[in-house]
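Scroll down for the structure; my scribbles are underneath it.
The values are calculated or read from the model by the stated rules, or taken from the named source; none is laboratory data. Computed from a predicted structure; not experimentally measured. Glycine also receives a Cβ, built like all others from the backbone with ideal geometry; neighbour counts cover every protein chain displayed. To get the accessible areas, we keep the full protein, side chains included, count just its heavy atoms, and leave off ligands, DNA and RNA. Shrake-Rupley method; radii C 1.70, N 1.55, O 1.52, S 1.80 Å.
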Amino acid sequence: MSCPITIDLPTSKAFEPESRFQANTYYVSLNSLLLWTRGERPPDWNAHFGRSASREVEIGFGNGEALVRRAVLEPEVDFIGLELSWNSLKRALRRISKKSVTNVRLMQADAHTAFDRLIKPRSLDRIRSWFPAPWPKDRHERRRLFSRDFLRLVNSRLKDRGFLQIVTDHKPYMDWVMDQTAETGLAASWHCTRAQYDTKYERKWRAEGKDVFYEARLIKEKHIDVPLGKDTPLFTYRLDGFNPKEFVARDLCGLPTIKFKDFIFDPQQERGLLLALVAEDRFRQDVWLEIKRDGLEWVVGLAPGNQILPTDGVKIAIDQTRRDAAATCE
Ligand SMILES: C[S@@+](CC[C@H](N)C(=O)[O-])C[C@H]1O[C@@H](n2cnc3c(N)ncnc32)[C@H](O)[C@@H]1O
């Protein structure tokens, strides 16, 4: 990345409220949304639900209709929904508001990250995933969720005899999942089934003429210990000097991949902000780093106000920034 970069400020029109935002987001209760990058990790789920109850996770709940339907039918169960798509979360939040259910919490999170960091071992009774993305191309195999590693994590988060249910329209995906189950401590079986869950994707596949689906049940038989993932400690560094005009932030390729996207510098405050995309395995974050004068020295670290998960990748981004900042005065 070359330096300095000028930023294009958005025109004032970009800040005008758009009516479609109001129409879509009106009457959404936010009570069930958990902003998990803030607050304690893992969350105290009993405190969030206000009780200790049987607990179930749905991975990739889409528009949330099955999740909310079940929450209405089973008020004695607490449901945690994980979804990547923000638009899906908004739809589910509206459904939750309309039905006034109180036993659902939603997180916008990748399931792998959530199971690693946000759910304690031996704490779940059931996990469901209806019509997960099969990623059918061989070259996309890494993107498939229910890998052996993930199934071992699933095992560790389930209580004894708890189970994972997966329903798919895609037989090769079911075969692939079954191949992943060795050494996961899960007893796996599958069978053909008919449409019965009435989710958006089940209806979609039926509309395309599919009437046989594949359902797997993976029951926990032997515990596998996978400890909770921990936050990586992040440090700030002090430098004797820094020359913003010479600053070049160098990207890193591999795992993690770090791409520096922007650098802005305020000469009056003697403070620079650097935007980095940090991509680690299944997880990507936009991270703001800061280089600012403090007396005779310069301080390099995470900018205040970030809402990120402190990971090894973020630490490496800070370390790299420190090296590149120091290089401006060599
Ligand atoms: C094919 S859709 C199925 C949605 C819903 N279950 C249904 O049957 O209509 C798969 C959903 O899983 C979500 N998803 C994919 N990968 C995920 C992950 N790693 N963690 C959480 N959600 C994920 C996607 O955003 C998408 O909404």
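Taking every residue in segment 115-141 that is free of Cβ contacts under 8 Å to residues at least 40 places away in the same chain and charged (D, E, K, R) and pairing it with any residue that is within 15 Å of the ligand (Cβ to nearest atom) and open to solvent by less than 20 Å² (accessible area, probe 1.4 Å), at least 6 positions away or on another chain, yields no pair with a Cβ-Cβ distance below 8 Å.
The single condition among (1) touching a strand residue (DSSP E or B) at 6+ places or on another chain (Cβ under 7 Å); (2) modelled with pLDDT of 95 or more that P233 does not satisfy is (1). Taking the conditions exactly as written (touching a residue at least 12 places away in the same chain (Cβ under 8 Å), within 16 Å of the ligand (Cβ to nearest atom), outside any strand (DSSP E or B) and open to solvent by 40 Å² or more (accessible area, probe 1.4 Å)), does R95 satisfy them or not? In short, yes.
Which of the residues spanning segment 81-92 are of a type outside the set (S, T, N, Q) and either in contact with a strand residue (DSSP E or B) (Cβ under 8 Å, 6 or more places away or on another chain) or free of Cβ contacts under 8 Å to residues at least 40 places away in the same chain (or both)?
Matches in segment 81-92: G81, L82, E83, L84, W86, L89, R91, A92.
Might you check whether a residue that is in a strand (DSSP E or B) and among the small types (G, A, S) occurs anywhere in segment 277-288? Yes: segment 277-288 contains one or more residues that are in a strand (DSSP E or B) and among the small types (G, A, S).
When segment 39-80 is filtered for residues that are near the ligand (Cβ under 9 Å from one of its atoms) and either free of Cβ contacts under 8 Å to residues at least 60 places away in the same chain or aromatic (F, W, Y) (or both), the ones remaining, listed by number, are F61, G64, L67. Candidates G254, G241: the one that is farther than 30 Å from L118 by Cβ and either part of a strand (DSSP E or B) or open to solvent by less than 60 Å² (accessible area, probe 1.4 Å) (or both) is G241.
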